[in-house]
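The values are calculated or read from the model by the stated rules, or taken from the named source; none is laboratory data. Just so it is clear, the model here is predicted, and its values are computed rather than measured. Note that each Cβ is placed from the backbone with ideal geometry, even for glycine, and that neighbours are counted across all protein chains shown. Note: areas computed on protein heavy atoms with side chains; ligands, DNA, RNA excluded. Shrake-Rupley method; radii C 1.70, N 1.55, O 1.52, S 1.80 Å.
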Amino acid sequence: MSGQAFRQFIVKVHGRCNLACTYCYLYAGPDRTWRSRPRAAAPEVLDRTATRIAEHARTHALTALSLVLHGGEPLMAGAETLARFTALVRDRVPAGCAVDAVVQTNATLLTARRLAVLADAGLRVGISLDGGLAAHNARRVDHAGHPSWPAASRGARLVAEHAPQAYAGILTVVDVTLDPVETYESLLALRPPALNLLLPHGNWSAPPPHWAGARHGEWLCAVFDRWWTAGRRETRVRLFEECVALLLGLPSATEALGLAPFDAVVVETDGSIEQVDSLKSAYDGAARTGLDVFRHTFDEALRHPAVAARQAGAAALADQCRACPLLTVCGGGHYAHRYRAGHGFRNPSVYCADLQRLIRHVAARLAADTAATTAAAMASRASLDAHEGSTP
């Protein structure tokens, strides 16, 4: 019996990148599977992938799915290729199934013409940046060591100014060496409709940088306070919104928090069906399933033991996690962050202390604000009752 359907299809349209970021877990990490794969997905791979996505949508009667065009740097495949593939998927899925298509780019190759092609095709643009200043992006360099910031910032502003309807937002990896509020406010200057703050990939055998004393949790708490007290929603911050929702007992769907079954799958440039890239930060071949779009359906991928484990919820977690009072909010944290060589993924997150720090902080802010709101409402009611009692 297969598990919950995939609803997010991450397609590697290009398997190389025009940047050589010094911290890249994909090309500078333990996994080497990219070296033997084609630089770009061939037309027959994209054609077959579109068919498989439509087949899965039909089998599970999906009314909506997410199509993420990824890399490497997907714009190296050409904006027209991305537009054609997106149209192919939309043409083949069943009537009534909406396809939310996003290209995740470093923005350095964005031009007015390419942006127009993407926007006309109904593709939204997600941008990866480490912050909104040149100093924040010093480690994002090209293969010659030149800074990417001038081109990336130009691309980000191009989207914000000329195609805001196509602006999906900015993805930023937390760097605790940078000032949290300055980083957040510098990103706001690029006018993203949403921010996705990600913890750097690491695990118990290869700890993340600057990992001590819940520093990442403290960094996130500082940004949360700035975001929460703004008086208006300057931008959506997915991690914070999901944390609040889970604390309020609402459903949530993020890989970083909660117990919702994971629903993303990757198609590589050669048509291989894999688990998400983040697993490649653990060990060589960690994302491999042995399946491909030419010989296998996505339902077969759902039955893969590693995928099934990721959809098992609390049953797949370490005993320590299952006994934790924050279980339903934390959910064990990001799967890749639980890895320990020789022990697999059945461990607490390497960021356990950071996640506890953030969740407890958000819960305390929620409780304090709720108490203040209740007190204000009661005072208002008492004042009204007093006024009504004195009225003849």
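The condition (being under 24 Å from Ala101 (Cβ atoms), out of contact with any helix residue (DSSP H, G or I) (no Cβ under 6 Å at 6 or more places or on another chain) and either not charged (D, E, K, R) or not in a loop (DSSP other than H, G, I, E, B) (or both)) is satisfied by just one residue among His296, His337: His296.
Residues in region 17-45 that are under 23 Å from the mean Cα position of the chain (by Cα) and either in a helix (DSSP H, G or I) or on the phi > 0 side of the Ramachandran plot (or both): Tyr25, Leu26, Tyr27, Ala28, Thr33, Trp34.
When you scan region 126-133, do you find a residue that is in a strand (DSSP E or B), hydrophobic (A, V, I, L, M, F, W, C) and closer than 24 Å to Val11 by Cα, even just one? Yes, there is a match, as at least one residue in region 126-133 is in a strand (DSSP E or B), hydrophobic (A, V, I, L, M, F, W, C) and closer than 24 Å to Val11 by Cα.
A single entry from Ala134, Ala144, Ala152 fulfils the requirement of being in contact with a helix residue (DSSP H, G or I) (Cβ under 9 Å, 6 or more places away or on another chain), open to solvent by 20 Å² or more (accessible area, probe 1.4 Å) and of a type in the set (A, V, I, L, M): Ala134.
Checking Ala336, Ala308, Ala315, Ala282 one by one, the residue that is out of contact with any Leu (no Cβ under 6 Å at 6 or more places or on another chain) and open to solvent by less than 30 Å² (accessible area, probe 1.4 Å) is Ala282 and no other. The residue that is most open to solvent (accessible area, probe 1.4 Å), among those in region 340-351 that are in contact with a helix residue (DSSP H, G or I) (Cβ under 8 Å, 6 or more places away or on another chain) and of a type outside the set (Phe, Trp, Tyr), is Arg346. Selection of region 1-29 for residues being open to solvent by 60 Å² or more (accessible area, probe 1.4 Å), more than 30 Å from Thr63 (Cβ to Cβ) and in contact with a helix residue (DSSP H, G or I) (Cβ under 9 Å, 6 or more places away or on another chain) yields Thr22, Tyr25. Entry remark, region 142-173: residues being under 13 Å from Gly132 (Cα atoms) and of a type in the set (A, V, I, L, M) number 6 in total. Of all positions in region 290-297, at least one carries a residue that is under 21 Å from Val45 (Cα atoms), of a type in the set (Gly, Ala, Ser) and surrounded by fewer than 16 Cβ atoms within 10 Å (Cβ to Cβ). For beta carbons closer than 6 Å, sequence separation of 6+ or different chains, a first residue in region 209-228 that is farther than 19 Å from Pro192 by Cβ and part of a helix (DSSP H, G or I) and a second that is of a type in the set (D, E, K, R) and open to solvent by 20 Å² or more (accessible area, probe 1.4 Å), the qualifying pairs are Gly217/Arg357. Restricting to region 56-65, and then to whatever is free of Cβ contacts under 8 Å to residues at least 60 places away in the same chain and open to solvent by less than 30 Å² (accessible area, probe 1.4 Å), can you tell me which residue is nearest to Ala253 (Cα to Cα)? Among those that are free of Cβ contacts under 8 Å to residues at least 60 places away in the same chain and open to solvent by less than 30 Å² (accessible area, probe 1.4 Å), it is Leu65. Only residues that are touching a Lys or Arg at 6+ places or on another chain (Cβ under 8 Å), part of a helix (DSSP H, G or I) and open to solvent by less than 30 Å² (accessible area, probe 1.4 Å) were counted across region 75-102, and they come to 2. Considered as a group, the residues in region 177-192 that are assigned to a loop (DSSP other than H, G, I, E, B) and either open to solvent by 60 Å² or more (accessible area, probe 1.4 Å) or free of Cβ contacts under 8 Å to residues at least 24 places away in the same chain (or both) include one that is nearest to Tyr27 (Cα to Cα), and that residue is Thr177. Cβ-Cβ distances below 7 Å connect the following pairs, each with a first residue in region 283-304 that is in contact (Cβ under 8 Å) with a residue 24 or more places away in the chain and over 25 Å from Tyr27 (Cβ atoms), a second residue that is buried (at least 20 other Cβ atoms within 10 Å of the Cβ) and of a type in the set (Gly, Ala, Ser), and a separation of six or more residues or different chains: Phe294/Gly271. Considering every residue within region 103-117, establish whether at least one is among the hydrophobic types (A, V, I, L, M, F, W, C), open to solvent by 40 Å² or more (accessible area, probe 1.4 Å) and in a strand (DSSP E or B). Scanning region 103-117 turns up no residue that is among the hydrophobic types (A, V, I, L, M, F, W, C), open to solvent by 40 Å² or more (accessible area, probe 1.4 Å) and in a strand (DSSP E or B). On the given criteria, is Arg39 open to solvent by 30 Å² or more (accessible area, probe 1.4 Å) and either in contact with a Pro (Cβ under 9 Å, 6 or more places away or on another chain) or closer than 23 Å to Asp277 by Cβ (or both)? The answer is yes for Arg39.
Considering only residues of region 242-277 that are part of a helix (DSSP H, G or I) and out of contact with any strand residue (DSSP E or B) (no Cβ under 9 Å at 6 or more places or on another chain), which is farthest from Leu46 (Cα to Cα)? The extreme case among them is Leu247. If the condition is being part of a loop (DSSP other than H, G, I, E, B) and without any contact (Cβ under 8 Å) to a residue 60 or more places away in the chain, then region 146-159 contributes only His146.
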